[in-house]
Amino acid sequence: MEEDKRRVWDGELSRDLCRDLRFVHDCLGMRGYRARTEALHLNHVLVSERPHLALPILKAREIISGLVQDHFGLQLNRYLYLEWSGLMVWLPGSEIGWHYDSNNEDYLKQRVVSAVAYLNDQGRDFTGGSFEFEEGETRGVSPREGRVVAYFSNESNIHRVRRVESGRRYTLSLWFTDQPAHDEDAKLLKQFPKLGTGSSPGAHPVPDEMYRTEAGNDIRMDKIRALGFRVQQEGATHLLQASNGQGSTWRCESLTHSLIRALRIREGGSDEDEGGGREKTLQSAMEESWERSVELGQLYVPDHLAEHRLL
Ligand SMILES: O=C(O)CCC(=O)C(=O)O
Ligand SMILES: [Fe+2]
C-alpha cells in the first residue's frame, strides 16, 4: 500500500519550534553542499560558540523519530537510528531532479527512511520549491510550516524538488538507518564527550571558508547587512551598529556573535542581554542534556523544553 511507503503529518512540530529552528539556521547556517543552498549540520551547531542552539534540533529530532519508528520501524520490525540531521535553506534557483536518497553515492546506501520537515510556507515565504514523487496518489507535497513528509529512501520513492523561484525555503532533513554503525547519536557523543563543560565549544572552529558564498562574500556579513547593520573590527572586538551609523554600538566577541545580536534585535525589537538569565538557562539545559546523553549513549532532550524557547 502506498500509505505504507510514504507518509505526511501536519501539526506535529509547533509554530514556535519551527520559528526557533529557522532562527538557529539564521544564526549559524553555512554554505550548503548543493548549489544555491545553505546548510547547518547538527555537528556544526554542537561545535559552535552557542552549542545550546542545538536544543530545538534535538527536540524536533525526537518528535520526528517517534513518528518514523511508529510508522516505518514497526513495518520493518527494526529500530531506526538517526543517521544525519541538518537544517537546510533552499535559495532562489535551487532544485533537485528525480532521484532516490539511498542511491546518490555508495556512502548513502545505509539510509532506510528519509524525513523532511518544512519550516515555512510555500506561497507566503517563498515560491516554487514543491516536493513531488514520480508516481502515486500522494504525488505532490506543498511545503508548509510544521508539515513532515517521510518515505522509504529506496527506489520505490523517486522524487524531486521543483526550482525555488523566490524567498528562502527552510527545511530540517533527517535520515534514518537500521545499522548501528551509522548511528549519529553514538558518533556525536564519541566526538564531543565533554560538550558543555567549557572545553568543547570553540574547540573545533569551523573554517571561515565554510561561510563563503558562491559570490565570494561571508554569509554572516551578508546577513548582517541585510538586517540593516554594519560591523567594524577593532582588534578582537566586533562593533555592531545600524548601517546609518545612528543609535547604539554593540561590542561583540565574533562575527557570529554580531549576527546573533543583529537577529535578536530585529526579532525582538530590542537587544537581548546575551550574558543574562535566559542565555544561562539555555546553556545549563544543554549541559544537563549532554551529561544525561553521555550516560544513556543516546541524545537526550530535556522534557521541559517549552521553557527553553530561543525566541
Ligand atoms: O527538501 C525537500 O523537500 C526534499 C529534499 C531531498 O529530496 C533531498 O535532500 O534528498
Ligand atoms: Fe531526496
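The values are calculated or read from the model by the stated rules, or taken from the named source; none is laboratory data. Keep in mind that what you see is a predicted model, and the values were worked out from it rather than measured. FYI the Cβ positions are ideal-geometry reconstructions off the backbone, even for glycines, and counts take in every protein chain you see. In case anyone asks, the SASA skips ligands and DNA or RNA and just uses the protein heavy atoms, side chains included. Shrake-Rupley method; radii C 1.70, N 1.55, O 1.52, S 1.80 Å.
Here each label is just a point 7 Å from Cα along the line to Cβ, and for residue 70 and residue 311 those points are 2.7 nm apart. Accessible surface ranking for 187, 5, 1.4 angstrom probe, highest first: 187, 5. Using a Gaussian network model of the chain in which every pair of alpha carbons under 10 angstrom is joined by a spring, one finds that among 295, 145, 132 the greatest mean-square fluctuation is at 295. Computed over the stretch 2-191, the P(r) curve from all C-alpha pair distances, binned at 10 Å from the origin, holds 9, 38, 41, 11, 0 percent per bin.
With only the Cα atoms considered, the stretch 136-255 has a convex hull volume of 218 Å³ per residue.
At 1.4 Å probe size, with every protein chain present, just tell me what the per residue accessible area of the chain comes to in Å². Could the numbers behind the result be given before it?
Working: 14280 Å² over 311 residues.
Roughly 46 Å² per residue, with all protein chains present.
Whenever you get a sec, compute what percent of the accessible area on the chain sits on carbon and sulfur atoms (1.4 Å probe). The partial results should precede the final answer.
Details: 6540 of 14280 Å².
Taking all protein chains in place, the chain shows 46 percent carbon and sulfur surface.
The string of couplings for the stretch 31-39 from the Karplus curve (6.51, -1.76, 1.60, θ = phi - 60°) is 4, x, 8, 10, 4, 6, 9, 10, 9 Hz, one whole number per residue in order, with x for Gly and Pro.
Can you pick out the pairs among 194/280; 5/190; 187/223 whose Cα atoms lie more than 29 Å from each other? It would help to have the intermediate numbers written out before the result.
Values: 194/280 18 Å; 5/190 33 Å; 187/223 32 Å.
Correct reply: 5/190; 187/223.
Residue 70 exposes around 110 Å² of accessible area when a 1.4 Å probe is run over every protein chain in place. Remark on the stretch 209-268: Rg and Dmax equal 11.2, 33 Å (Cα only).
Shown for the chain are the DSSP H helices of 15 Å or more along their axis, judged by Cα atoms, with a mean Kyte-Doolittle hydropathy of at least 1.0: 55-68.
Using only the heavy atoms of the protein chains and a 1.4 Å probe, how would 121, 10 rank by accessible area, largest first?
Numbers: 121 25, 10 80 Å².
Final ranking, largest accessible area leading: 10, 121.
Ignoring chymotrypsin sites (Phe, Trp or Tyr not before Pro) that are buried or in helix or strand per DSSP, and keeping those with at most 15 other beta carbon atoms within 10 Å, what is the longest stretch of the chain between them? Please report the intermediate quantities before stating the final value.
On the way: sites that count: 33, 79.
In short, 80-311.
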